[in-house]
């Protein structure tokens, strides 16, 4: 991607034309940006830049932050989608390290890599983009993606920070699993919940990593109480691993890779259809579906129709009438029987006719 930035207050120069010609020959995606257009009334003065032969362009003022966001939107539209299935990364565990600003994402990544790859400072928000690095752990290749911190929408200020946040959500869409870092001292808050929901809704594996654990006063029950507090706010997380680490003191940081590999394998699991049908029979025998409006609901059979993430199809005589509470019962029983720890499960109820 090439951005050609020209001075909107000066006539087209020989250098401008030379660079425009080279860009066209390169066949790479490009943006022409005419800078120093501080006010709307100055836009007409930029019309001469059509002579460069690059077509439509963006007028902006970098100094006044005018229309920079429009240009970044244009860049995002022209960026090619990254193919994570190419030969270089297809066998990797694609692990995104996400969380709010200044929870230790870059420090964790650097600790795992045992080298400095990301900018680490006490100032929140110094990682502005996603950064990919590779390592090998337990005979498995990992691709680690360190991302910009995810703030509340009301606190996102500036076009660059907005653009970094968009890229972070794109990274979540493309990873296999995400390690969501939480500041132990600040606790589990609504923004953490929003990030976790986005990971789960995207069908990705999930690990909750409580960092800065060394800063808390603890006794033998502290970890259990901390987990119970999280479960009380977000009951679904009982089926997802919670790790307690201190990046600053290199305390249990390698557990992130160990647990990530376990979750990655769980996400790839494919159950035999016979095992799924045996499960359905036993689950219904233990707790049959309720009779609603005179309808005797039954689930005839089922199968796992997809993995990474696991998706199941259960066929019923009244699929649209199965209560949400019973659907949750089946999902919980499925986990109790087969695991899928750290992995979102989807059950699609379909008509057996």
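The values are calculated or read from the model by the stated rules, or taken from the named source; none is laboratory data. This one's a predicted model, so the numbers in the text were calculated from it and none came from an experiment. Neighbour counts are summed over all protein chains in view; Cβ atoms, including those assigned to glycine, are modelled from backbone coordinates with ideal geometry.
Answer yes or no as to whether residue 73 is at pLDDT below 80 and either within 30 Å of residue 185 (Cβ to Cβ) or not assigned by TED's automatic domain parsing to the domain that holds residue 169 (or both). Outline the logic, then answer.
Values: at pLDDT below 80: yes; either within 30 Å of residue 185 (Cβ to Cβ) or not assigned by TED's automatic domain parsing to the domain that holds residue 169 (or both): yes.
Yes; evaluated as a whole, the condition is true for this residue.
Any idea which of (1) in the same structural domain as residue 139 (by TED's automatic domain parsing); (2) assigned to a helix (DSSP H, G or I); (3) in contact with a strand residue (DSSP E or B) (Cβ under 8 Å, 6 or more places away or on another chain) is the one residue 243 doesn't satisfy?
Every condition holds for residue 243 apart from (2).
Pairs only if they're at least six apart or on different chains, beta carbon under 6 angstrom, first in region 256-279 and farther than 14 Å from residue 92 by Cα, second assigned to a helix (DSSP H, G or I); list them, first residue then second.
279/337
What's the number of the only condition in (1) surrounded by fewer than 17 Cβ atoms within 10 Å (Cβ to Cβ); (2) modelled with pLDDT of 80 or more that residue 143 fails to meet?
Here residue 143 clears every test but (1).
Can you spot a residue in region 287-297 that is loosely packed, with under 14 Cβ neighbours inside 10 Å, in contact (Cβ under 8 Å) with a residue 40 or more places away in the chain and outside the structural domain of residue 207 (by TED's automatic domain parsing)? Steps first, please.
Residues of region 287-297 that are loosely packed, with under 14 Cβ neighbours inside 10 Å, as a first pass: 287-288, 290-296.
From what is left, the residues that are in contact (Cβ under 8 Å) with a residue 40 or more places away in the chain are 287.
Within this subset, residues satisfying the condition of being outside the structural domain of residue 207 (by TED's automatic domain parsing) are 287.
Yes, the conditions are met somewhere in region 287-297.
Quick one: in region 298-315, which of the residues that are more than 27 Å from the chain's Cα centre (by Cα) and within 12 Å of residue 347 (Cα to Cα) is surrounded by the fewest Cβ atoms within 10 Å (Cβ to Cβ)?
Per the stated criteria, the residue is 303.
What tally of residues in region 328-346 results from selecting those that are within 12 Å of residue 280 (Cα to Cα) and in contact with a strand residue (DSSP E or B) (Cβ under 8 Å, 6 or more places away or on another chain)?
Here is the first cut: in region 328-346, the ones within 12 Å of residue 280 (Cα to Cα) are 329-331, 333-334, 337.
Add one more test, that the residue is in contact with a strand residue (DSSP E or B) (Cβ under 8 Å, 6 or more places away or on another chain), and what stays is 330-331, 334.
Number satisfying all stated conditions: 3.
For region 177-206, give me each residue that is crowded, with 21+ Cβ neighbours inside 10 Å and over 27 Å from residue 225 (Cβ atoms).
204
Conditions (1) part of a strand (DSSP E or B); (2) modelled with pLDDT of 85 or more; (3) over 30 Å from residue 190 (Cβ atoms); (4) assigned by TED's automatic domain parsing to the domain that holds residue 251, marked per residue:
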site	(1), (2), (3), (4)
11	no, yes, yes, no
20	no, yes, yes, no
56	no, yes, yes, no
64	no, no, yes, no
86	no, no, yes, no
102	no, no, no, yes
111	no, yes, no, yes
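Against the definition (loosely packed, with under 14 Cβ neighbours inside 10 Å and either out of contact with any strand residue (DSSP E or B) (no Cβ under 9 Å at 6 or more places or on another chain) or touching a residue at least 40 places away in the same chain (Cβ under 8 Å) (or both)), how does residue 217 come out, yes or no? Spell out how you get there, then give the answer.
Working: loosely packed, with under 14 Cβ neighbours inside 10 Å: yes; either out of contact with any strand residue (DSSP E or B) (no Cβ under 9 Å at 6 or more places or on another chain) or touching a residue at least 40 places away in the same chain (Cβ under 8 Å) (or both): yes.
Spelling it out, residue 217 is indeed loosely packed, with under 14 Cβ neighbours inside 10 Å and either out of contact with any strand residue (DSSP E or B) (no Cβ under 9 Å at 6 or more places or on another chain) or touching a residue at least 40 places away in the same chain (Cβ under 8 Å) (or both).
Of the conditions (1) outside the structural domain of residue 334 (by TED's automatic domain parsing); (2) within 26 Å of residue 203 (Cβ to Cβ); (3) surrounded by 13 or more Cβ atoms within 10 Å (Cβ to Cβ), residue 232 satisfies every one except a single condition; which number is it?
Status for residue 232: all satisfied but (3).
Have a look at 168, 222 and point out the one that is more than 19 Å from residue 108 (Cβ to Cβ) and either buried (at least 22 other Cβ atoms within 10 Å of the Cβ) or modelled with pLDDT under 90 (or both). Before you say what the answer is, go through the steps one by one.
On the way: 168 fails: more than 19 Å from residue 108 (Cβ to Cβ).
Going through 168, 222 in turn, the sole match is 222.
Working only within region 23-44, note down all residues that are out of contact with any strand residue (DSSP E or B) (no Cβ under 9 Å at 6 or more places or on another chain), farther than 23 Å from residue 67 by Cα and either touching a residue at least 60 places away in the same chain (Cβ under 8 Å) or in a helix (DSSP H, G or I) (or both).
Within region 23-44, just 25 meets the criteria.
For region 316-330, how many residues are within 24 Å of residue 267 (Cβ to Cβ) and surrounded by fewer than 18 Cβ atoms within 10 Å (Cβ to Cβ)? Break it down stepwise before answering.
If we filter region 316-330 for residues that are within 24 Å of residue 267 (Cβ to Cβ), which is where we start, we get 327-330.
From what's left, surrounded by fewer than 18 Cβ atoms within 10 Å (Cβ to Cβ): 327-329.
Residues that pass the stated criteria total 3.
Counting only residues that are surrounded by fewer than 14 Cβ atoms within 10 Å (Cβ to Cβ) and at pLDDT below 75, which one in region 88-100 is nearest to residue 193 (Cα to Cα)?
Of everything passing the filter in region 88-100, 90 is nearest to residue 193 (Cα to Cα).
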